[in-house]
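The values are calculated or read from the model by the stated rules, or taken from the named source; none is laboratory data. On a predicted model such as this, the values are computed, not experimentally measured, just so you know. Glycine also receives a Cβ, built like all others from the backbone with ideal geometry; neighbour counts cover every protein chain displayed.
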Amino acid sequence: MFESVLLAGFGGQGILSAGQLLAYAGTLAGKHVTWVPSYGAEMRGGTANCGVTISSRPISSPIVSEPEALMAMNRPSLEKFEQSVVSNGLIVVNSSLVNCKIARKDVQVMYISANKLAEELGNNKVAVNIVLGALIFLTQIVSLELAIESLGKVFPPRHQKLIALNQRALKAGAQFFDHLAKEKAG
Amino acid sequence: MHEKKLTIFVGNLGSGKTEIALNFALFLVKQGYPTTIVDLDIINPYFRTRMVRHVLEHMGLKVICPRGELANADLPSLPPAIQGVLEDTFDYGVFDVGGDEIGATILGRYKAFLLKNSYALYYVINQCRPFTRDKASIVKNIHFIEKSARLKITGLVSNTNLGWATDVQTIFKGHEVVKTVAAELDLPVAFLSVRRDLMLQVRRKLNEDIFLLPLEIFMQPPWYYGIIDPLLKIPQNAKEIPS
Amino acid sequence: MAKVLMKGNEAFGEGAIRAGCRFYFGYPITPQSELAHFLAKRMPEVGGTFLQAESELASINMVFGAAGAGARAMTSSSGPGISLMQEGISFIACAELPCVIVNIMRGGPGLGNIAPVQSDYFQATRGGGHGDYRLIVLAPSSVQEIIDLIREAFDLAEKYLNPVLMLGDGLLGQMMEPMELNEEKNFFIPPRPWAASGRMGGPKRIINTLYIVPEEAEKHNLKLNQKYKKIEANEQRWENYQTEGAQLVLVAFGTAARICMGVVDYCRDQGLPVGLIRPITLWPFPVKAFDSILSLDTVHYFLSVEMSTGQMIEDVRLAVNGRRPVFFYGRYGGMLPVLTDVVKEVKKLLLEEEP
Amino acid sequence: MFKKVFARTKALEDVPFHFCPGCTHGIIHRLIAEAIEELNIFEQTIGVCPVGCAVFAYNYFACDIFQAAHGRAPAVATGIKRALPDRVVFTYQGDGDLAAIGMGEIIHAAARGEKISVFFINNSVYGMTGGQMAPTTLPGQITATTPYGRDREINGNPIKVCEMLSVIEGTAYVARVSVHNPASIIKAKKAIKKAFQVQLRGLGFALVEILSTCPTNWGLSPAEALNWLAENLIAYYPLGDFKIPKEEAKNV
């Protein structure tokens, strides 16, 4: 059962918003939720990260110092947080921007070329939600339906187009590993 | 000593003007002259005549200073009654002016009146204070004060002391410097002031004809209130120097 | 009521509006600027005033003016700005006007950084500015508690005619949690006969802090002090977390308390007898919490966990008053205590220290 | 039968001023109080007094009144006016309060076009603390902290508040007056009244700078001080309107 997730990448990738989306989905599920951003000099241009905890119990510490799942959107953030992931945890790697393999053997690592998939959808900016869709599928931390519903909270209603695009991104990410699993099974 | 009806004391910060003014005024009272003391100190927030007003009034002196809550304020707020002292032809007036040329500036506004009356403007010297150690610096300070007061000094007061640590040697050493200043500026030394308990020793050693003003010390720091008489006798442990 | 997901800084703003505050004066500083952004949007919606001042000096004095004229007013800032406000806060405390001040602490001293710390504890709980005065200091540790406490902050300010300081840190201001909004309409602003709001046929009112006669100033100080004694007696607030049977009791507020709750959970899972006292009022410090817990006799040690080099520990020691040893663990300059490090410290104490 | 031709204004309390004899603060207090009474705004007026010789102004004005921290009167007045827009709010500030420590507050209150009336008393010296240099001390003027005269090289230049504030867009009315003789007092009264009228009409920020004397710290008799003001202060700080409300400007 996954409860704590760390989303990491560089500023401008939409990391903080993706974390908020996840937090909203947790709220809609009636769970206890916290969302904690990194900030500081990192806030502008450097690595950006945020921790989200979703739990059926009250959350004592909101700080995600040892995540159960890590979503690494670029190489520096993977290098920074790889060691913090708990044993038997999960790391989802955006292989479009990370050209190395992970050495750790005690964690599950999944690679997804999110920027390539995003370009196929017509907008490079939705890469983050492709990875988030994958993460949601792999962890089942919330249901994909609630994440899709939460898009309406993160984007104002006037951005109907963006909502639709991000909906496709979340689904694409989820389906990527779904297909992979089915291929393996088939 | 008291041929002038108005006596004004000026001097540098810490020269002892307030003590001198109070003791001089009380001296006049004891001689039977009706006397008013005017607190013109707009510089010093503590140790002003107004602090001991009740004691002084008890001793027969009239006191003019800001009343009520203004006595504690760091505002000039000059009482209009000052004008009355200047114009009075019967009472004697003693003025305690604030320190340095800054405190003396206030005299400028009364200049017109002072010229019409006979007055003494005494510059108080404590040779132990940093800006008045030698003849040259004392003369320089006298000029500063004369300029801002727009009045001429008419006499010097020799008041060298180290507070409770004063001894006879200190007094004589300072007095010698004051005499050289007097000679240079051609001014009289109006009097030599000596703490009452040192009077006898000074009188024995002194071989010149000068008026000695015995001093009671009024401006006590509050921690002395407990060990001295309310009418301000010398403390028992006179060796301790109040800072 | 449905839950909403809110940032701590936003919760301060929404909470203030729901507490009937209609006047905000402030100056931007990280990490509390979202509070200003939020109120800039929200105040006009409720017919209130949001004004960006030219400095923290001006913003606190605008609060002084508005509060003295009878309005429910607030300001917010972070450490460096709160330092600039101290003169005005001292005036407001002396004039006995109600208002709320929010300090979202950032790393210091000096310009420091914008990371979360708790190093303004001394400044907050000792008055902060010149003169003998106290602020009521409330330290929420969750977004829900922010919105619940800020209403109480306004009520306490009103009840005691005293400024109330809400002390949070950058992390609390920046983090998001779902929370329930309290009812908007039932705030009550009592009449203010003391307000200098124009005579309008009534008696003259003076808002003044000048007591030039020491006898009167002493009287006023005594009056203030009696008020503070009353606050100390009546307004201590805290939360006990798993303190039953605890041999080691952690003491922490705000963000540090959240981390310590995690520590307590972890330790209890491992069978270690650890609990937590979480002060909610930092002034008055909840001395009663310590008296009642020490009467249980199970407690061997206290460990004050702070995001500073040790400020609250002085109050903990005063409250414990030599009855038990008090230890300290802290991170400084914007570094956060990590759960596993605190657990290590706890284990060390429980296993190595003689009770 | 006697006809009453002069009466105390009810906007002032019946208590003696603490000001030194010959100080013009008393005259200015009276002019402001008379303006308040004549405009019939006494009941809705709220004053803000400064730190300086006028620190006790709350004892003299009979309206509701605040005592502000040094220099902060415009910020306090802003808070009051924003909370109670239908009241009349004025500040009474000296040259140290307004032009030194409170320069930030006054410029920004002016720039915001805060609808308050500011009365700025300029006597070129710090009266309260013992005659030190003010931002408005003239070049060459001797004060406690410029014993050799104000030297531009060391102490910089005096600040001309009216000239400076008149170029700020938020100001509606900026004028400099004096109180050194009966004719100038009549003009000062008119300007003070106008500063209130500008506020009442919601036109914006109004400031009247009033040149004033300090016989005590200048070291001059009251009569000499009035002459010194006329000869020296007015020469450096010219009297007149620096800005009048736009609608009036059109008519001129």
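Taking (1) in contact with a Pro (Cβ under 8 Å, 6 or more places away or on another chain); (2) within 24 Å of D:Gly204 (Cβ to Cβ) in turn, D:Arg112 satisfies each apart from (1). Quick check: anything in region C:228-249 in a helix (DSSP H, G or I) and on the phi > 0 side of the Ramachandran plot? The answer is no, given that none of the residues of region C:228-249 is in a helix (DSSP H, G or I) and on the phi > 0 side of the Ramachandran plot.
Being buried (at least 17 other Cβ atoms within 10 Å of the Cβ), within 13 Å of another protein chain (Cβ to nearest Cβ) and not aromatic (Phe, Trp, Tyr) holds for only one residue in D:Ala206, D:Ala225, D:Ala195, and it is D:Ala225. Show the residue pairs that are 6+ apart or on different chains and have beta-carbon atoms under 6 Å apart, the first residue being within region B:12-31 and over 17 Å from B:Ile43 (Cβ atoms), the second being among the polar types (S, T, N, Q). Matching pairs, first to second residue: B:Ala25/B:Thr35; B:Leu28/B:Thr35; B:Val29/B:Thr35.
Residues that are within 7 Å of chain D (Cβ to nearest Cβ), among the acidic types (Asp, Glu) and not in a loop (DSSP other than H, G, I, E, B) within region C:49-97 comprise just one, C:Glu87. Annotation note: of D:Ile210, D:Ile168, D:Ile234, the sole residue that is among the β-branched types (Val, Ile, Thr) and under 13 Å from the mean Cα position of the chain (by Cα) is D:Ile210. Filtering B:Ser137, B:Ser148 for residues that are assigned to a helix (DSSP H, G or I), more than 8 Å from every other protein chain (Cβ to nearest Cβ) and of a type in the set (Gly, Ala, Ser) leaves a single hit, B:Ser137. Filtering region C:100-148 to residues that are touching a residue at least 40 places away in the same chain (Cβ under 8 Å), touching a Phe, Trp or Tyr at 6+ places or on another chain (Cβ under 9 Å) and on the phi > 0 side of the Ramachandran plot leaves only C:Gly128. Taken over region D:33-54, the criterion of being more than 7 Å from every other protein chain (Cβ to nearest Cβ) and not in a helix (DSSP H, G or I) is satisfied by D:Leu39, D:Asn40, D:Ile41, D:Gly47, D:Val48, D:Cys49, D:Pro50, D:Val51, D:Gly52. Summed over region D:19-59, the residues that are crowded, with 23+ Cβ neighbours inside 10 Å, modelled with pLDDT of 95 or more and of a type in the set (Val, Ile, Thr) give a count of 7. Number of residues in region B:188-204 that are within 13 Å of B:Ile125 (Cα to Cα) and aliphatic (A, V, I, L, M): the value is 4. Selection of helices (runs of 4 or more DSSP H) fully inside region B:37-117 by the criterion of at least 1 residues being of a type in the set (Lys, Arg) and over 18 Å from the mean Cα position of the chain (by Cα) returns B:111-116. If we scan region A:139-147, do we find a residue that is surrounded by fewer than 17 Cβ atoms within 10 Å (Cβ to Cβ), small (Gly, Ala, Ser) and in contact (Cβ under 8 Å) with a residue 60 or more places away in the chain? Yes, that holds for at least one residue. Would you mention how many residues in region C:25-48 are assigned to a loop (DSSP other than H, G, I, E, B) and either under 15 Å from C:Ile104 (Cα atoms) or within 14 Å of chain D (Cβ to nearest Cβ) (or both)? Here the count works out to 8. State whether the residues of region C:261-280 include one that is within 30 Å of B:Asp74 (Cβ to Cβ) and within 14 Å of another protein chain (Cβ to nearest Cβ). Looking for residues that are within 30 Å of B:Asp74 (Cβ to Cβ) and within 14 Å of another protein chain (Cβ to nearest Cβ), one finds none in region C:261-280, hence no.
When restricted to residues that are surrounded by 14 or more Cβ atoms within 10 Å (Cβ to Cβ) and touching a Leu at 6+ places or on another chain (Cβ under 9 Å), region D:231-252 contains 9. Filtered by the rule that a residue be more than 26 Å from the chain's Cα centre (by Cα) and either away from every other protein chain (no Cβ under 12 Å) or surrounded by 15 or more Cβ atoms within 10 Å (Cβ to Cβ) (or both), region C:214-238 gives C:Ala217, C:Glu218, C:Lys219. Tally the residues that are more than 12 Å from C:Pro284 (Cα to Cα) and surrounded by fewer than 24 Cβ atoms within 10 Å (Cβ to Cβ), restricting the search to region C:129-141. Going through region C:129-141 one residue at a time, the tally reaches 5.
If the condition is being under 18 Å from B:Lys135 (Cβ atoms), outside any helix (DSSP H, G or I) and not β-branched (Val, Ile, Thr), then region B:160-189 contributes B:Asp186, B:Leu187, B:Pro188.
For A:Thr139, the conditions (1) out of contact with any strand residue (DSSP E or B) (no Cβ under 8 Å at 6 or more places or on another chain); (2) farther than 16 Å from A:Asn74 by Cβ are fulfilled apart from (1). For region B:16-65, filtered to residues that are of a type outside the set (Phe, Trp, Tyr), within 14 Å of chain C (Cβ to nearest Cβ) and out of contact with any strand residue (DSSP E or B) (no Cβ under 8 Å at 6 or more places or on another chain), the residue that is surrounded by the most Cβ atoms within 10 Å (Cβ to Cβ) is B:Met51. Only one residue in C:Arg134, C:Arg106 is more than 30 Å from A:Val36 (Cα to Cα) and among the basic types (Lys, Arg), so which one is that? Selected residue: C:Arg134, the only one of C:Arg134, C:Arg106 that is more than 30 Å from A:Val36 (Cα to Cα) and among the basic types (Lys, Arg). Within region B:75-85, restricting attention to residues that are within 11 Å of chain D (Cβ to nearest Cβ) and aliphatic (A, V, I, L, M), the residue that is surrounded by the fewest Cβ atoms within 10 Å (Cβ to Cβ) is B:Ala81. Cβ-Cβ distances below 6 Å connect the following pairs, each with a first residue in region C:58-77 that is closer than 13 Å to C:Ile207 by Cβ, a second residue that is among the hydroxyl-bearing types (Ser, Thr, Tyr), and a separation of six or more residues or different chains: C:Val63/C:Thr75; C:Ala69/C:Ser197; C:Gly70/C:Ser197.
Considering (1) away from chain D (no Cβ under 14 Å); (2) out of contact with any Leu (no Cβ under 8 Å at 6 or more places or on another chain), say which one C:Asp120 fails and leave the rest. That leaves (2) as the condition not met. C:Pro203 - would you say it is exposed (fewer than 13 other Cβ atoms within 10 Å of the Cβ) and not aliphatic (A, V, I, L, M)? Yes: the conditions hold for C:Pro203.
Looking at this structure, is C:Val263 more than 19 Å from the chain's Cα centre (by Cα), under 28 Å from C:Glu145 (Cα atoms) and of a type outside the set (D, E, K, R)? Yes: the conditions hold for C:Val263. Elements of the type helices (runs of 4 or more DSSP H) sitting completely within region A:111-186 and holding at least 1 residues that are farther than 19 Å from A:Ile91 by Cβ and touching a Leu at 6+ places or on another chain (Cβ under 8 Å): these cover A:114-121, A:144-154, A:160-185.
For region B:209-235, name all the residues that are loosely packed, with under 11 Cβ neighbours inside 10 Å and at pLDDT 90 or above. Result: B:Asp209, single match.
For (1) farther than 13 Å from A:Ile141 by Cα; (2) at pLDDT below 95, each residue gets a yes or a no:
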| residue | (1), (2) |
| --- | --- |
| A:Leu7 | yes, no |
| A:Gln13 | yes, yes |
| A:Leu16 | yes, yes |
| A:Val33 | no, no |
| A:Tyr39 | yes, yes |
| A:Gly45 | yes, yes |
